[in-house]
Amino acid sequence: MEPLTDKQIRSSFVNCTKGEAARLKLPLDFAELPWDDLDFLGWVDPGAPLRAHLVVPREEGPLGVTLRVPATSRTSAVKSSMCQVCLTAHASSGVTLLVAPLAGSRGREGNTVGIYVCADLACSLYVRGRRQPKLRHRRHEESLSLDEQVARLTGNLDAFLDRVTAG
């Protein structure tokens, strides 16, 4: 992923107001992000821990969406979960449901769409083996090449973003 500026990030959001985009806090480690290893920029807002943000490069320019993080975690009865973006298995606390208001009038009416994703939004790093899930979970070995895994990740994320921006 090509590095993005603060202005590019804030102007990319499609499902929040310009004021909300201006107030969001960038990742604490923004200056040290491993851009070459990222397929998208994802973070939990350090100033609002129940908000997360995704910025995804697209042909027409970066596309940003804001998401809600659940206030409570899932029950401990769930032993493990799998991210719907990168297909990494985690202990139950390693995957969270993020909910995005739809873009436009439907979002202002309260309509949302959700996805189960790595709680730290580091899908790109898991796929590349730069980060490992906590505890006993490890990414399953796959017969797909890294390029094919990245294509699947971006395809899964694009499908979610298409649902956010549809209509």
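The values are calculated or read from the model by the stated rules, or taken from the named source; none is laboratory data. Bear in mind the structure is a predicted one, so any value in this text is a computation, not a measurement. So basically every Cβ, Gly included, is an ideal-geometry build from the backbone, and we count neighbours across all protein chains shown.
Below, the figures for the structure above:
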{"quantity": "Leading residue by the ranking (nearest to R58 (Cα to Cα)) among those in the stretch 1-20 that are surrounded by fewer than 18 Cβ atoms within 10 Å (Cβ to Cβ) and small (G, A, S)", "calculated": "S11"}
{"quantity": "Subset tally (residues that are in a loop (DSSP other than H, G, I, E, B) and buried (at least 17 other Cβ atoms within 10 Å of the Cβ)) for the stretch 31-56", "calculated": "4"}
{"quantity": "Unique match (being touching a residue at least 12 places away in the same chain (Cβ under 8 Å), assigned to a loop (DSSP other than H, G, I, E, B) and under 19 Å from D158 (Cα atoms)) among L98, L87, L28, L67", "calculated": "L87"}
{"quantity": "Residues being in contact with a Gly (Cβ under 8 Å, 6 or more places away or on another chain) and part of a loop (DSSP other than H, G, I, E, B) - total across the stretch 1-25", "calculated": "5"}
{"quantity": "Count of residues meeting criterion [farther than 26 Å from D147 by Cα and part of a loop (DSSP other than H, G, I, E, B)] in the stretch 101-131", "calculated": "6"}
{"quantity": "Only listed residue being at positive phi and not β-branched (V, I, T), chosen from G129, G155", "calculated": "G129"}
{"quantity": "Top-ranked residue of the stretch 140-163 - restricted to ones that are surrounded by fewer than 16 Cβ atoms within 10 Å (Cβ to Cβ) and among the hydrophobic types (A, V, I, L, M, F, W, C), ranked as nearest to the chain's Cα centre (by Cα)", "calculated": "A159"}
{"quantity": "Pairs where the first residue, in the stretch 70-83, is exposed (fewer than 10 other Cβ atoms within 10 Å of the Cβ) and in a loop (DSSP other than H, G, I, E, B) and the second is modelled with pLDDT of 70 or more and among the polar types (S, T, N, Q), C-beta under 7 Å, 6+ apart", "calculated": "S76/S92; K79/S92"}
{"quantity": "Filter result for G61 (farther than 19 Å from L38 by Cβ and modelled with pLDDT of 95 or more)", "calculated": "no"}
